[in-house]
1. If I ask for residues that are polar (S, T, N, Q), without any contact (Cβ under 8 Å) to a residue 40 or more places away in the chain and touching a Pro at 6+ places or on another chain (Cβ under 9 Å), which ones from region A:73-119 would you list?
2. Taking the stated definitions as given, is B:Ala306 within 8 Å of chain A (Cβ to nearest Cβ) and touching a residue at least 60 places away in the same chain (Cβ under 8 Å)?
3. Which number in (1) in contact (Cβ under 8 Å) with a residue 60 or more places away in the chain; (2) within 30 Å of B:Glu139 (Cα to Cα) marks the one condition that B:Thr240 misses?
4. Would you check if A:Thr47 is of a type in the set (Ser, Thr, Tyr) and closer than 22 Å to A:Met183 by Cβ?
5. Just to be sure before I move on: is A:Ala157 under 13 Å from the mean Cα position of the chain (by Cα), surrounded by 19 or more Cβ atoms within 10 Å (Cβ to Cβ), at pLDDT 90 or above and among the small types (Gly, Ala, Ser) in the structure I sent?
6. Counting only residues that are over 19 Å from the mean Cα position of the chain (by Cα) and within 12 Å of another protein chain (Cβ to nearest Cβ), give me the strands (runs of 3 or more DSSP E) lying completely in region A:1-115 with at least 2 of them.
7. Looking at region A:119-154, which of its residues are part of a helix (DSSP H, G or I), farther than 22 Å from A:Gln86 by Cα and not polar (S, T, N, Q)?
8. Just to be sure before I move on: is B:Asp148 in a loop (DSSP other than H, G, I, E, B), of a type in the set (D, E, K, R), in the same structural domain as B:Val250 (by TED's automatic domain parsing) and closer than 26 Å to B:Val225 by Cβ in the structure I sent?
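The values are calculated or read from the model by the stated rules, or taken from the named source; none is laboratory data. Note that the structure is predicted; figures quoted are calculated from it, not measured. Note that we place each Cβ from the backbone using ideal geometry, even for glycine, and neighbour counts take in every protein chain shown.
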Amino acid sequence: MTAVRCVDLCKTYRQGEEDIKALDHVSIEIEEGGFVCLSAPSGGGKTTLLNAIGGLDKPDSGEVYVAERRIDNLSKGELAELRLRQIGFVFQAFNLIPVLTARENVEFVMQVQGVPAAERGQKALEILEEVGLKGLEDRRPADMSGGQQQRVAVARAIVSRPALVLADEPTANLDSKTSDGLMELFRELNDHHSTTFVIATHDKRVMSYAKRIVRMLDGRIVEDISQDAV
Amino acid sequence: MHMLAVLSRLAWRNLWRNHRRTLIMLLAIILGTWAMIFMTALMRGMVSQMVADGISSLPGHVQVHHPDFRDDPSVANLINVPDSEIAERFNAANFRQWASRVRVPAVITSEYDSRGVTLVGVDPALEDGLTFVDYREVEGRFLESADDKGVVIGRKLADILNTEVGKRIVLMSQDPDNEIADRGFRVVGLFTASVKAFEEQFVFAGKTTTQNMLRIGDQVSEIAVLGDDYRDVEAEFQKTLELINDGVTVQRWTEVDRFLGTMLGVMDGFVLVWIVVIFLALSFGLVNTLVMAVFERVREIGLMLALGMRPKDILGQIILESLLLLAIGLALGSALAWATVQPIRDGIDLSMVSEGMEMMGVSSVLVPELLLSDVVLANVVVLILGFFASLSPAWRAAQYEPIEAITKV
């Protein structure tokens, strides 16, 4: 089954007097259980593609399918429901709600989903331990380092076991040891639960965990190589 | 339900994110609410006092007169039903209290001065509690029976006439044949009244004595019926109409004194206007607080939308934040208003400005009247208007595009 399918996506941003082609006729298909890294220099289009797949940004043209359902024509409410139930997000920055503790941030999506308090509390504690934040559950984002905040965001993205996880530079603020731990966790989820990962990154260490690497340049896919080739 | 829990937690935490701003806004709401309720209690008290004093000068919630009595309140316009028959009908009707009286214009003369007054011939047994005169506060004594030969006048009138208890005065009016009807009376008592003008205006004599003086036999000029609540006298009015409707006019007190009746009628509207005016002043601060709160949290709102919260949830969260702030302010403001009223619930002595108050028909003691309905009205109106005032910033927040909001610097 196809987890993600993008057909001929185009997206142009206007920057001052200049039009920037963030996506230039991009087509890509990602199978369920895929572990794909989108690699590109800054402005290459990887974040725009990630946002289009996550229903956060609408392409100017083309079609986006998630779990074989077309999403580029959905309403705001339908997109919110899709993101809530099927997609986990890790953003490059500003990932957490400042007024909630680490545990509450992790619980947030489950709470919106309507998961009972006891169940979500248990899951949140387990996942925070898995990402190495045991003992920091009651800290607020302002009292945590950038790396710790990023790990909370990762924990929140995967805690409800979404079918698709979209991560934008998830290891940007992490040291190498934590990065490895996080990527191993991603791979474990990918291997055991067939969770599909699409990760936008510059980091070669992250790419080494990928089953497939898609390189982009100026909004176009210029290379698409599988794990064997890596 | 689970969304309400999520939104409530976020709203509550966000409320205390900027302590200083929230506390300043809270203080404004508390003071506004206090002003709404406390000032309304004072106004209510003042109007109630005016109405009570006005009714006490009539007195009676429902009154029966000859149709022409209002235009010419003289002995020429008496009720054509004999007083004995009136007593028979009204005693059987089980009113809280009723009385028939003779009320005519007269001139009172002492050896020093004379004054135009209203002579009221009463049966003291029927009038106790109905008239504004407290029998026990009368210097000397009040009348003892309908055929008492004495007269009770106000303290102020006694000063003007330079007379006192035990001295004699002469009362003069006209009989039905337009002949002078006069009689000498001994002053047996001096009454005091909360409205000093009453002390100058009213003179009380026994009903039978007055009827004899005026040569009107068993006739009276007025029947007064007292109900339980001056705001609702419809039952007494209907019952009185059934008892007597031949050649007389039956009126509610609001028709007898249209100024007071109208004032009571517009008071509710005035309270509402007062509440809305204060809220409008408050709403600028409220909307500003919410706009700032939304502006500061654009990225956070974008994040929540990206994670799967729907725009209507964001709308709900901002409105809930506003309503929480208002609810806390309203609760504290209402409590403060109640606490402020408690020490003065027996009245504020305004005797220093009593003459000015009297010109407005108000006694020199202002008793605040804190009504639960006014407190509820203030709270409900502010919550409803607060809801609408919050809609604009909340709607704005709900319309953010997640990715634009989350990347906003």
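1. So the first thing to find is which residues in region A:73-119 are polar (S, T, N, Q), and the list is A:73, A:75, A:86, A:92, A:95, A:101, A:105, A:111, A:113.
Within this subset, residues satisfying the condition of being without any contact (Cβ under 8 Å) to a residue 40 or more places away in the chain are A:73, A:75, A:101, A:111.
The answer is A:Thr101, and nothing else.
2. On the way: within 8 Å of chain A (Cβ to nearest Cβ): yes; touching a residue at least 60 places away in the same chain (Cβ under 8 Å): yes.
Yes: the conditions hold for B:Ala306.
3. The number of the failed condition is (2).
4. Against the criterion (of a type in the set (Ser, Thr, Tyr) and closer than 22 Å to A:Met183 by Cβ), A:Thr47 qualifies.
5. On the way: under 13 Å from the mean Cα position of the chain (by Cα): yes; surrounded by 19 or more Cβ atoms within 10 Å (Cβ to Cβ): yes; at pLDDT 90 or above: yes; among the small types (Gly, Ala, Ser): yes.
So A:Ala157 fits the description; yes.
6. Details: elements: A:2-15, A:18-31, A:35-39, A:61-66, A:87-90.
Fully inside region A:1-115 and qualifying: A:2-15.
7. Step one: of region A:119-154, the residues part of a helix (DSSP H, G or I) are A:119-130, A:141-143, A:146-154.
Keeping just the survivors that are farther than 22 Å from A:Gln86 by Cα gives A:129, A:141-143, A:146-149.
The answer is A:Glu129, A:Pro141, A:Ala142, A:Asp143, A:Gly146, A:Gly147.
8. On the way: in a loop (DSSP other than H, G, I, E, B): yes; of a type in the set (D, E, K, R): yes; in the same structural domain as B:Val250 (by TED's automatic domain parsing): yes; closer than 26 Å to B:Val225 by Cβ: yes.
When the stated conditions are applied, B:Asp148 passes them.
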